[in-house]
Amino acid sequence: MNGNGGELASFLQKLSEDTELQQAYTSDPEGTLRQAGLPDETIQIVLSRDLERIKGVLEKELPGLVYMMFMVIFKPKT
């Protein structure tokens, strides 16, 4: 998934728009990230939910851009 602007940035853009990808990510975040072809280090950073580390990956991919990040927390289905 190495499109315009970096691997993680491209994945997050697609994730924000694609409801099927959102469902897949909700069900299996790690598997979805792997299927997207993201490197292991990036996957571990995303799974850590550490917004500063995620921002660091994005800044390396697209230097000079400013990011506003949000974390969405889903209540598990019981």
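The values are calculated or read from the model by the stated rules, or taken from the named source; none is laboratory data. Note that the structure is a prediction, hence the values are computed from the model and not measured. Only protein heavy atoms, including side chains, enter the accessible area calculation; ligands, DNA and RNA are left aside. Shrake-Rupley method; radii C 1.70, N 1.55, O 1.52, S 1.80 Å.
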Shape verdict for the stretch 19-60, please, from the Cα gyration tensor: rounded (a/c under 1.5), prolate (a/b greater than b/c) or oblate.
prolate
Using a 1.4 angstrom probe, figure out how much accessible area the stretch 1-60 has per residue, in square angstrom, rounded to the nearest whole.
64
